[in-house]
1. Consider the range A:88-104. How many of its residues are within 20 Å of B:R134 (Cβ to Cβ), facing chain B (nearest Cβ under 8 Å) and in contact with a Gly (Cβ under 7 Å, 6 or more places away or on another chain)?
2. Spot the failing condition for A:V73; the list is (1) without any contact (Cβ under 8 Å) to a residue 24 or more places away in the chain; (2) more than 7 Å from chain B (Cβ to nearest Cβ); (3) under 30 Å from B:V201 (Cβ atoms), and only one is missed.
3. Modelled with pLDDT of 95 or more, over 30 Å from A:L86 (Cβ atoms) and in contact with a Pro (Cβ under 6 Å, 6 or more places away or on another chain): is that true of B:V97 in this structure?
4. If you check B:D166, B:D191, which single one turns out to be out of contact with any Pro (no Cβ under 9 Å at 6 or more places or on another chain), acidic (D, E) and crowded, with 24+ Cβ neighbours inside 10 Å?
5. State the number of residues belonging to the range B:90-131 that are closer than 30 Å to B:L380 by Cα and surrounded by 18 or more Cβ atoms within 10 Å (Cβ to Cβ).
6. Can you name the condition, by its number, that B:V201 falls short on among (1) in contact (Cβ under 8 Å) with a residue 40 or more places away in the chain; (2) more than 7 Å from chain A (Cβ to nearest Cβ); (3) of a type in the set (V, I, T)?
7. Consider the range B:146-187. How many of its residues are away from chain A (no Cβ under 14 Å) and assigned to a helix (DSSP H, G or I)?
Amino acid sequence: MTEHPADWLVSPELAPSFEGTALAPLFEHAERGELAMPFCAECAEPFELDQEVCDRCTGTGAHWRPVPPSGVVHARTLVHRTASPLLRTTAPYPVLDVELDSAHRVVMTTLEPATRDWQIGDRVRVAFRRVGGVPVPAAVPTGDTDPTKEEPA
Amino acid sequence: MTSPAIVGLGTTPMTTQPGGRARDLAVVAIEAALSDAGLRREEVDGLLVASSQGIRPDRVSVELARQAGLGDLRLLEHLEIKGATTVAMVAHAALAVRAGLARRVLCVFADAPLRPGGSAGASYDNSGGVSGVRGLERASGVLGSVPTYALLASRYLAASGGTEEDLCAVAVSARAWAVGNPDAVSRTPLDCAGYHASRMVAEPLRVLDCARPVNGAAAVVVAGHPTAGVQPPAYVLGLGQSHPRRRRHGPGESWFGGGRVAVETALRSAGIARSGLDIVELYDPFSAVTLCLLDEYGLVPDGGPVGEFVRGGGIAPGGTLPVNTGGGQLAGFYLQGMTPLVEALTQLRGSAGARQVDGASTALVTGLGGRLDHHACLVLGREAGS
């Protein structure tokens with residue numbers, strides 16, 4: 001069995017299993033260092049990660065393509081409960097719902113352990129952690145805040 | 001045509017102690033519901049079963065009919081609409097008796113997440129698998145449902161202009177009701193200082209913002225014609241569901257909106273207005289959800305801000321809108337939708353003791369599944385509808 005460098009947050013048994021699933025292209029692109037997201041193959045409407053039929057044109061099939069690895073925090077929490085043996089940290093850790101500049105919303109933690117207090121509206125760059133060798137999107141602070149996202153609609 | 005009615009209610013003790021199997025708890029609740037209704041087993045010809053969506057080695061299933069010694073049935077189903085199942089199940093039973101599919105239908109929910117050597121939290125942490133969107137989230141530290149609902153809560157407070165004081169007011173109100181409920185898990189009086197001193201689980205949710213898992217079961221009997229001379233029936237006056245399509249992309253919100261249809265459908269079929277509801281029993285897995293649902297369902301009188309209403313004691317004992325009058329799932333017990341139903345029945349029977357709402361004769365009961373994705377509502381009343 002291949003040994004992988006340990007992730008800072010979770011045990012390798014939480015490595016996502018994706019082969020043959022709707023999310024496989026996310027991981028295949030991520031192996032090349034690209035963040036890819038699904039769109040309607042017909043009209044390019046953003047899809048959910050496991051969506052099959054378009055709300056707008058009823059076209060079927062998702063087309064995955066690279067998107068800019070950047071976005072803004074849409075919702076945030078700092079998880080203080082770290083009792084699970086599935087976790088490798090005893091310090092509170094962030095979980096962010098990031099709205100990518102492509103409009104997709106993806107839940108992720110951060111590339112490194114918490115070093116700041118995240119707020120809704122913070123700009124992020126998206127990189128990849130490795131969990132059991134599998135690349136998983138993770139947020140990196142840019143230090144900027146998107147003024148249009150601070151006050152949700 | 002007289003509305004179908006709930007004519008029997010049976011529960012097990014709600015315990016935070018590990019042990020027991022869901023199946024055994026279900027059998028005890030069924031026995032109690034039959035006894036409460038004054039019915040023998042052979043007088044029931046339908047069974048609907050709901051189980052926790054969590055991975056449990058002993059989930060209850062349609063096998064329960066055989067295990068519980070029920071006879072030849074004309075209706076037997078296991079329903080699954082996540083947390084909305086229990087409330088939707090009673091609606092399903094009401095429609096079935098109305099359609100002549102069965103005469104008396106038992107509806108049962110049982111769960112036993114607390115096991116020897118592990119907390120309920122550990123049971124939830126280990127559920128969800130490693131594939132699909134959920135697998136991706138779990139690899140990001142989203143174990144159990146608390147981190148997800150913490151994200152929803154953070155977004156709701158930001159979008160509504162609310163604060164942690166609103167969450168505190170919900171927790172304090174729930175506890176104030178629970179003080180009068182001998183079946184509630186948390187009955188010690190709570191004030192804001194006690195709330196703020198409680199342990200943070202996932203910001204902004206403290207442990208007192210989260211439902212209290214229990215091992216327990218509840219069963220009800222739905223009948224087309226109430227049995228004379230036993231418990232006062234609670235008539236099923238209105239039904240409604242809503243499963244709004246929301247998307248995990250901008251613009252717009254991903255988690256809020258669309259639930260109001262369920263309440264309005266139920267009220268319309270019952271022929272009553274919101275102002276005609278004496279009590280409201282909401283599915284409250286987290287304090288923030290109570291705020292969301294009051295908002296989403298349009299339940300605040302005069303449509304004012306939810307936070308202000310709750311901070312002013314509007315949903316607490318003595319408030320203008322009694323909500324979750326047994327302490328809800330926050331302070332009462334988390335029986336995934338049976339909690340609001342059991343409390344509504346107890347209130348409508350006038351048997352709620354110290355927490356009884358004077359003259360309670362109509363109730364809204366709601367179930368909620370997923371991430372505010374599935375809404376199921378009942379309007380119950382002491383008087384038969386037309």
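The values are calculated or read from the model by the stated rules, or taken from the named source; none is laboratory data. The structure displayed is predicted, hence computed values, not measured ones. Every residue, glycine among them, receives a Cβ derived from its backbone with ideal geometry; neighbour counts consider all protein chains shown.
1. Residues flagged as within 20 Å of B:R134 (Cβ to Cβ), facing chain B (nearest Cβ under 8 Å) and in contact with a Gly (Cβ under 7 Å, 6 or more places away or on another chain) within the range A:88-104 amount to 3.
2. The one condition A:V73 does not meet is (1).
3. On the way: modelled with pLDDT of 95 or more: yes; over 30 Å from A:L86 (Cβ atoms): yes; in contact with a Pro (Cβ under 6 Å, 6 or more places away or on another chain): yes.
Yes, satisfied.
4. Numbers: B:D191 fails: crowded, with 24+ Cβ neighbours inside 10 Å.
Sole residue among the options that is out of contact with any Pro (no Cβ under 9 Å at 6 or more places or on another chain), acidic (D, E) and crowded, with 24+ Cβ neighbours inside 10 Å: B:D166.
5. 18
6. (2)
7. Of the residues in that region, 13 qualify.
Let's see how each residue does on (1) away from every other protein chain (no Cβ under 14 Å); (2) of a type in the set (A, V, I, L, M, F, W, C):
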| site | (1), (2) |
| --- | --- |
| B:H249 | no, no |
| B:E253 | no, no |
| B:A266 | yes, yes |
| B:L291 | yes, yes |
| B:G298 | yes, no |
